Amino acid sequence: MAIKHGPFPAWNEDLYLQSSDIIQVFVRFNRVGLFSGMYRNFGSGIHSDNTAMIMRLNTWVANLAALGLIFVSTFSHAGVKVEIEGLSEALEDNAIAYLSLSTRAKRASEDDVRLSADSVRRLYGRATDEIRQALQPYGYYNPVISSELEELEQSEPTAETEFVARFNVDTGPRVLIRELTVEVEGAARDLLQIQTLLKASPLAPGQALNHQQYDDFKTSLQGAAYRAGFLDARFSAAEMKVYPDQAAADIKLLLKGGQRYYFGPVQIEQDILDAAFVQRFVKIEPGDPFDTEKLVSLQLALADSAYFASVDIEIRRKDAVEFHIPVTLRADPMKPQKYTTTLGYGTDTGPRAGLGVEFRRINRLGHRFSAEVEGSARNAALGSEYRIPVANVDQDHLAFFFKTEQLEIADAQTNEYSVGVRLQDNWWLFRRQLYLRYSSENFRFGDEPSNRAILLTPGISLNYQTADDLTYTRRGFSATLDVHGGVEGPLTDTTFLQASLYAHAVLPLASRARLLMRGGFGATSTKHFDELPPSERFYAGGDRSVRGYAFEALSPINENGNEVGGRYLTTGSIEVDYLVRGNLGVAAFYDVGNATSDFEFDLKSSVGIGLRYLTAVGMIRVDIAHPLDDPDTSFRIHLTVGPDL
């Protein structure tokens, strides 16, 4: 297949990224204002004759950003101040990253030293060419740059010299793609994946030249062929020829697919579990097109199962029969027991601690058992679970559980015993739980008489989550819906039906800023609400509800002044956070919500600010919240740790 385009149409203002493996730049030596100094050699050499020279550059790596407004940027470190005028934020960021003057000054500042005057002058001498190099990945090959280095006078004779380096940049016209040729040879050209990529290619005549888009498309094209079993797919030609004086670029990509390969037998070598059980992890059939990503997914599934400490893959290509490649995975066992100790603190729970044990394989069918005891200022619990892998054994399981818990919920004290069974699997786009739970709960509100509730509750829970990064999400969404209830009878004291929905969303506002939103809704239908235990009632307030109010403090109050929980729940929050420097950030938020006994919601609200610090386990959040509807409390501090979704 071949795609050939002729001369390009009108200018396209879209901004892309930068990065390419091979670039040929044809530059006329007499081009006024194009180059004022020598180019740095990036490894392929510079060749010239009387009319042109060809530069071959290795892959460029640059910052992802969208074209913004033109502004003046200032960078100051170690006695050196750098000012760049005339560039968008994306171009300016890349220029700063390329400038040896700025990077060396920053490093010196971090080491608490200063650059010498000679070093500053020497690095300044490179700056103009470095800025030109920084602009090229965005398609700007004809910039006009004026610069000056000012040495500031010092009031004290012994004071260190201060410098200001100023650069004014006119990017000039942007290079456009003029001619584009993309060819895929052999059987690979008929692949649906290849056809889809060709139709959706971001490269087209008239588009602004962008190195990253070229490189990404090239990588995607070869990757699609490779994942479809064309293991020898290679580019016989991958060229980007740039003509700066014509503001034009010609691109040629020729991909040779070669022979297609297929999976042969896939075997797992291990000796701790039943072979037939372990083989259920394999979702690859002999005769499937050979795809290394499927092997990596299998390797990760085995490693994440907690049965194996390490998994090695041997692709036996030399043993291929009629292009069918056998694969062997060798899995080393993980320790059969795992013991855990947890210590923590939360403003909702106070200090807490726990001990746990897990027996990772009770038998050769992969059954496992776990038990945990935990306690805090508000609750104490002991629980256990027996888990059996089912169906899709790397994700699905059937679990039998038991738990006894003493818990303080607002003004209620409860003692609960529960047993049940739960099936967890994937269903459509959701992670699903089907469960049946039997509980006996003794409870009382304040000094009121004790009550007892016995409930047999079947239920279903659906969870959906998508995110670009679970640790620091910039674009993502999650939602959890739970519906459960009971019917009055020998094992259930009262008939009720309860549903709840909780959702979180994260959207990017800028390169280091995000918008975070969450909402919660719940409703209970029953004729005998007073017979429901506190665990089946709604409360609001606390770290992950309405900040500024105590944990579960927003609730209907009975005639004795006790917070007794509500039939209905509504909560919402909107927050903006911004990483100021490195992983350190700030936030501002507005929360609203309440738990009520009817649909006439008397919503309580709060505002606040917070500090943020990004870690490998998620964001550490320290918030100061002011309740707008509680005259007795000026502010409340909240501490939470974990992912945003």
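The values are calculated or read from the model by the stated rules, or taken from the named source; none is laboratory data. Only a predicted model underlies this, so the values are computations on that prediction, with no experimental measurement involved. Every residue, glycine among them, receives a Cβ derived from its backbone with ideal geometry; neighbour counts consider all protein chains shown. Only protein heavy atoms, including side chains, enter the accessible area calculation; ligands, DNA and RNA are left aside. Shrake-Rupley method; radii C 1.70, N 1.55, O 1.52, S 1.80 Å.
Please work out the Kirkwood hydrodynamic radius for the stretch 555-618, using every pair of different C-alpha atoms, and report it in angstroms with one decimal place. Taking the inverse mean of 1/r over all distinct Cα pairs, the stretch 555-618 comes out at 14.2 Å. Taking 0.36 nm per residue of sequence separation and removing the Cα-Cα distance, the Thr404/Ala117 pair yields an extension gain of 96.1 nm.
If R0 equals 56 Å, the separation of the Cβ atoms of Leu343 and Arg234 corresponds to a calculated FRET efficiency of about 0.55. Other residues with beta-carbon under 12 Å from the beta-carbon of Asp396 carry, at +1 per Lys or Arg and -1 per Asp or Glu, a net charge of +3. Seen from every direction in turn and averaged, the convex hull around the alpha carbons of the stretch 336-485 projects onto 11.3 nm². Charge tally around Ala225: other residues with Cβ under 10 Å, Lys/Arg +1 each, Asp/Glu -1 each, net +4. Annotation: average projected area of the stretch 225-305 is 8.0 square nanometres, based on the convex hull of Cα atoms across all directions.
For a quick protection proxy, order the peptides 621-630, 544-553 by their average other-Cβ count within 10 Å, most packed first.
Working: 621-630: 19.0, 544-553: 23.6.
Per-residue mean Cβ counts within 10 Å order the peptides as 544-553, 621-630.
Computed 3J(HN,Hα) for the stretch 459-471, one whole-Hz value per residue from the Karplus formula 6.51 cos²θ - 1.76 cosθ + 1.60 where θ = phi - 60°, is x, 9, 10, 10, 10, 10, 8, 9, 7, 6, 7, 6, 7, glycine and proline marked x. A full extension of the chain between Ala513 and Ala303 corresponds to an added length of 72.1 nm, given 0.36 nm per residue minus the alpha carbon distance.
So what is log10(I(q)/I(0)) for the stretch 174-221 at q = 0.22, 0.24, 0.33 1/Å, when the Debye sum runs over its Cα atoms only? Debye intensities relative to I(0), on a log10 scale: -0.81, -0.92, -1.31.
Figure note: Arg132, Arg512, Arg368 ranked by solvent-accessible area, largest first, 1.4 Å probe, ligands and nucleic acids not counted: Arg512, Arg368, Arg132.
Relative to the longest principal axis of the Cα atoms of the chain, helix 211-227 runs at roughly 60 degrees.
With helices as the sole contributors, the chain gives -4000 deg cm²/dmol at 222 nm; each DSSP H run of n ≥ 4 counts as -39500 (n - 2.57), and the sum is divided by every residue. A simple charge model with +1 on the Cβ of Lys and Arg, -1 on the Cβ of Asp and Glu and nothing else charged puts the dipole of the chain at about 2180 debye relative to its Cα centre.
Within the accessible area of the stretch 127-260, what % is carbon and sulfur when the probe is 1.4 Å and the other protein chains stay in place? On the stretch 127-260, the fraction of accessible area on carbon and sulfur atoms equals 43 percent.
Against the chain, whose longest principal axis is taken from its Cα atoms, helix 292-304 shows a tilt of about 40°.
A simple spin-label model places the labels of Arg330 and Gln195 4.3 nm from each other, with each point 7 Å out along Cα-to-Cβ. Packing here is the average count of other Cβ atoms within 10 Å per residue, and on that basis the peptides 336-343, 570-577, 135-142, 466-473, highest first, run 135-142, 570-577, 466-473, 336-343. Solvent-accessible area of Glu239, all protein chains in place: 60 Å² (probe radius 1.4 Å, heavy atoms, ligands and nucleic acids excluded). With protein chains left intact and a 1.4 Å probe, residues in the chain average 50 Å² of accessible area per residue.
For Phe277 and Asn168, the difference between the fully extended length at 0.36 nm per residue and the C-alpha to C-alpha distance is 32.5 nm. The Rg/Rh ratio of the chain, with Rg taken over Cα atoms and Rh as the Kirkwood radius over Cα pairs, comes to 1.05. Each of Leu470, Ala503, Leu455 was placed along the dipole of the stretch 411-535 (beta-carbon charges, centred on the mean Cα), and the one lying farthest toward the positive end is Leu470. By the Stokes-Einstein formula, at 0.890 mPa s and 25 °C, the stretch 149-259 with its Kirkwood radius over alpha-carbon pairs has D equal to 144 µm²/s. Can you tell which of Phe401, Leu135, Ala595 lies farthest toward the positive end of the dipole of the chain, using +1 and -1 charges on the Cβ of basic and acidic side chains (Lys, Arg; Asp, Glu)? Sorting the options by dipole projection puts first Leu135. With the highest mean first, a sort of the peptides 89-99, 347-357 on other beta-carbon atoms found within 10 angstrom per residue produces 89-99, 347-357.
Near Arg368: Cβ cut-off under 11 Å, other residues only, Lys/Arg at +1 and Asp/Glu at -1. The net charge is +2. Using Cα-Cα distances under 8 Å and only pairs 6 or more residues apart, what relative contact order does the stretch 517-632 have, in percent? Relative contact order comes out at 23 percent.
Here Arg452 and Ile313 are evaluated by their C-beta separation; at R0 = 51 Å the FRET efficiency comes out at 0.35. Binning all Cα-Cα separations of the stretch 377-459 at 10 Å, short to long from zero, yields these whole-percent fractions: 17, 36, 28, 16, 4, 0.
Which percent of the accessible heavy-atom area of the stretch 499-626 goes to carbon and sulfur, probe 1.4 angstrom?
That fraction is 62 percent.
Accessible surface of Asp170, taken over heavy atoms with a 1.4 Å probe and every protein chain present, rounds to 90 Å².
Placing R0 at 30 angstrom, the Cβ-Cβ distance between Leu501 and Ser384 gives a FRET efficiency of 0.50 after rounding to 0.05. For the Cα atoms of the chain, what angle does the longest principal axis make with the long axis of helix 100-110, in degrees from 0 to 90, nearest 10? Value to nearest ten degrees: 40.
Solvent exposure of Phe323, expressed as accessible area, is near 90 Å², computed with a probe of 1.4 Å over the protein chains only. In summary, the stretch 275-365 shows an alpha-carbon radius of gyration equal to 1.58 times the 2.2 N^0.38 Å reference for compact globular proteins. Lys106: which lysines have alpha carbons under 28 Å from its alpha carbon, excluding same-chain residues fewer than 8 sequence positions away? Here the lysines satisfying the reach criterion relative to Lys106 are Lys81.
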